[in-house]
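One structure is given here, and the rest of the page talks about it.
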Amino acid sequence: MAELGGMAPHAPCSICMEPMPPSEAHRGGSGCAHAFCRACLAGHVRAKVEAGAAAVRCPDASCAGTLDPELCRGALPGDLFVRWCGALCESMFVGARRTYCPFPDCSEMMGGPLIHTYSAALHGFSARMSPSAAAALAGAPGVAAVVPERVRHLATTRSPRFLGMLSSPPSAILADSDFGSDLVIAIIDTGISPTHRSFNDRGLGPVPPKWRGVCASGPGFPPNSCNRKLVGARFFSAGYETTSGRMNETAEIRSPLDNDGHGTHTASIAAGRYVFPASTLGYARGVASGMAPKARLAAYKVCWVGGCFDSDILAAFDAAVADGVDVVSLSVGGVVVPYYLDAIAIGAFGATEAGIVVSASAGNGGPGGLTVTNVAPWMTTVGAGSMDRAFPANVRLGNGQVLDGVSVYGGPVLQSGKMFELVYAGTSSGAASSADGYSASMCLDGSLDQAAVRGKIVVCDRGVNSRAAKGDVVHRAGAVGMVLANGVFDGEGLVADCHVLPATAVGAASGEKLRKYIASSTPQKPATGTILFEGTHLGVHPAPMVAAFSARGPNPQSPEILKPDLIAPGLNILAAWPSGVGPAGIPSDGRRTEFNILSGTSMACPHISGLAALLKAAHPTWSPAAIKSALMTTAYIKDNSNSTMIDESTGVVADVFDFGAGHVDPMRAMDPGLVYDIAPADYVNFLCNLNYTEQNIRAITRRQADCRGARRAGHAGNLNYPSLSATFVADGTKPRMKTHFIRTVTNVGGGRAAYRATIRAPEGSNVTVQPKQLVFRRDGQKLSFTVHVEAAMPMAAKKMEPGSSQVRSGTLTWSDGRHAVYSPIVVTLQAPVQ
């Protein structure tokens, strides 16, 4: 919407030249600097509209400004105003059949492929239009941005205990928060299975009075599907169907019902009730529960067979804000684009501004760098770690070697004591005559020679199709088992799957040994082996590790903000599962199980969502930034062997781009001592210091931004974030490089306290903090400090490859003897691209 500027008292009307009080003055806006009295403005517009003009221009011939319709709301007759909006919209949407007027509060239907309108998390609409119409709309008065549609993709019995959250007697975080009661967590995902035991409402109080949502019904989801636990459910498919065509309702369900499994799984991780017994095909047997067992759930189904479309995700954000949720959990990822073109970032900002914590998955693009997604600083970006539980399924070879593997296969095992011939599908002996060696090595559909693999164990390379789909291909080809071997990129990271035949997964090194063993075999002495399933092992060391698939930093959009923020359990997580979906997640799997074991940052994200609900219940005045700060500054980086966490993919020590601030520690997060708080205006200053234009910023924040003060104050790294990240260009011209960070902490530790700073500087850097002591007189008091970082140019940096980087990390710790408040310090030397 156009900004209404101030003016001097009794400034003259640009038409009649009569002086007018500021309260009666209306500025043209959108490039027009003139001011008009109400009568002149209304008369001018009336004449132009009745003459059939669409865009009404300033009456001064020398001015090219277009008048904003909002200037005339109330000054023009309603029918005239509607006609103006109608003509304006039709002039914008060349080729579009129907749409709404883009101006706030105008509901005039212009005929059109309208998809959604948004009014809570943001102000706007989504519609299908031609590129020329989109370009015309982008330049229209009152339009902050036009964002193209994008498709996104989807990215516990043990984890509560692993996190120290005991139900009896209840841990402090559960007791102090009443297990999250009366907080509502929004799950934006594939829907939910409402009849699952994890979502029963026994013993819960009435639905929180603040709840304003609905329980949408549809096939398989009758109107009474919601209860005092599942308080609301909606589905959004218009964006998906506008792009992909009407859904196939024999394969998909037009209701909030989950026929995929992902949404049910993530919902129960965040807030599932206590359920016993729980297991997947006999594995991980125990009591299942979510992080906030008494928190309420609201399901927003946005993901379909074709993916999760931005316009539908935005509609879910908009509804969640209007419905009155407290936390949004989003296990969906995609491409990283500037924040003003990122629908998730835009929707999340609106939610954050409304006081809602937004937790999002970091993505499963690891272990490569620069793969992290959902990187806006107002979201909590969650990577995945392992737990101290494993499901060994090792491969014993005929030559005596034993290769470590994992699986949660629960059917009939291979005949005891018998060794089966091994075949690698990538060789000509395993491939079908119509298939190439590459397709067969991946065990793609139709690629295997049934005669060559029948009765044998097939080795398949990981990649292209899903792990479970490979097992299905091998099973249909007549093989008795499968070994899924990682490639070099996957490293040693292993994921346990509910395969449809006896199968296991092995790491890259074991996969190479296996291929060489098969290659060395002869018809007289074939390669043989078997798979030994060992069930569930607890107390595994080391744990946690950073999961191989967990997406890694640095932040591709703003390296000043360390991402991911932290990690949580995301490897081999047991949680609720729909009754109509097989555990392998493929159509041919007719097995049924009440719980399933899945892996991904999708599983890590709802752990943080549930914990955020507990923190908000225990500390209702804390902002979303304060809650994130408490989770980050109390995280740990040591595993249960008291060593720094390792990277599962390589077996070497992980770093801050792998785990962010560290692994979440719920017990310590309840009482962090100090928090780094951030207000919405601080994010505006951050965006200013990214050199975003005022229109870019308005697209995200829905407000005008004056960046002059922000840019004078410093740089984007001065956002009051719980981590500190500096990037220097190592071009060899400066022997030493300097920067500084200004931070403000709020005392939430319960009264008077004196905190002293301890620095562990990154290698090759000098770090100082001023002042070195912060003395708080009361709870809620804020004090500021400055961190100075000086990095020396190492000799090795002069020999760095163009575009390469060196990363060193350290920590800043504030301690009062009872609390220890940790912040990572990251120094990156970046060689210029030549």
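Some observations on this one:
- Spacing of the two label points (7 Å from each Cα toward its C-beta) at Ala39 and Asp706, in nm: 3.4
- In sequence order, calculated HN-Hα J values of region 297-308 (Karplus, 6.51, -1.76, 1.60; Hz; x Gly/Pro): 10, 10, 9, 10, 7, 10, 10, 10, 4, x, x, 10
- Val775 - accessible surface, heavy atoms, 1.4 Å probe, Å² rounded to 10: 80
- Ranked by solvent-accessible area (1.4 Å probe, protein heavy atoms only, all chains present), the residues Val406, Val464 order from largest to smallest as Val464, Val406.
- The distance separating the Cα centre of region 516-590 from that of region 195-256 comes to 30 Å.
- Two-site FRET efficiency, Glu694 against Val337, from Cβ-Cβ distance with R₀ of 25 Å, rounded to 0.05: 0.85
- In plain terms, the chain from Ser643 to Thr786 could stretch by 48.4 nm, reckoned as 0.36 nm per residue minus the Cα-Cα distance.
- Where labels lie 7 Å past Cα in the beta-carbon direction, separation of Ile742 and Val775 in nm: 2.4
- Whole-number accessible area per residue in Å² for region 577-640, which is evaluated in the context of all protein chains at 1.4 Å: 26
- Counting protein heavy atoms only, region 320-383 has 61 percent of its accessible area on carbon and sulfur, 1.4 angstrom probe.
- Backbone HN-Hα couplings from phi across region 610-620 [Karplus 6.51/-1.76/1.60, Hz, Gly and Pro as x]: x, 5, 4, 5, 4, 5, 5, 5, 7, 10, x
- Around the amide H of Thr693, modelled in the peptide plane, lies no amide H under 5 Å away from a residue 5 or more places distant or on another chain.
- For a label point 7 Å along the Cα-to-beta-carbon line of Val305, residues of region 582-621 with backbone N under 15 Å: 586-588
- Summarising the amide proton neighbourhood of Ser193: residues at separation of 5 or more, or on other chains, whose placed amide H is nearer than 5 Å comprise Asp258, Thr264.
- Rounded, prolate or oblate (a/c below 1.5 giving rounded, otherwise prolate when a/b exceeds b/c) for region 262-322 by Cα gyration tensor: oblate
- Proximity of backbone amide H atoms, modeled 1.01 Å from N, is registered between Gly580 and no other residue at under 5 Å, excluding neighbours fewer than 5 places apart on the same chain.
- Overall, the accessible surface of region 177-278 at a probe of 1.4 angstrom is composed of carbon and sulfur to the extent of 55 percent.
- Accessible surface, 1.4 Å probe, highest first, among residues Leu281, Leu574, Leu538: Leu538, Leu281, Leu574
- Tensor-based shape of region 657-736 (alpha-carbon gyration tensor, a/c under 1.5 rounded, otherwise prolate or oblate): oblate
- Accessible area of Glu18 in the full protein assembly, 1.4 Å probe (Å², nearest 10): 110
- Calculated FRET value between Glu534 and Cys16, using beta carbons and R₀ = 60 Å, to 0.05: 0.10
- Exposure rank, largest accessible area first [Val675, Val287; 1.4 Å]: Val287, Val675
- Average accessible area per residue (Å²) across region 347-437 - probe 1.4 Å, nucleic acids and ligands excluded: 32
- From phi via Karplus (6.51, -1.76, 1.60), per-residue ³J(HN,Hα) for region 638-644 in Hz, x at Gly/Pro: 9, 8, 6, 9, 6, 10, 4
- Residues of type lysines that Lys456 reaches as a straight line, Cα spacing below 16 Å, ignoring anything fewer than 8 places off in the same chain: Lys418, Lys470, Lys525
- Exceeding the 30 Å Cα-Cα cut-off - candidates Lys513/Lys563; Lys516/Lys563; Lys210/Lys301; Lys229/Lys628; Lys628/Lys772: Lys513/Lys563; Lys516/Lys563
- Gyration tensor (alpha-carbon) shape descriptor, the chain, a/c threshold 1.5: prolate
- Across region 686-834, the mean sequence separation of Cα contacts (distance under 8 Å, 6 or more residues apart), normalised by length, yields a relative contact order of 26 percent.
- Protein heavy-atom accessible surface, 1.4 Å probe, per residue over region 732-834: 54 Å².
The values are calculated or read from the model by the stated rules, or taken from the named source; none is laboratory data. For clarity, every value in this text was computed on a predicted model and none was experimentally measured. With ideal geometry, Cβ positions are generated from the backbone for all residues, glycine too; neighbour counts draw on all protein chains shown. Keep in mind that these areas ignore ligands, DNA and RNA; they rest on the heavy atoms of the full protein, side chains included. Shrake-Rupley method; radii C 1.70, N 1.55, O 1.52, S 1.80 Å.
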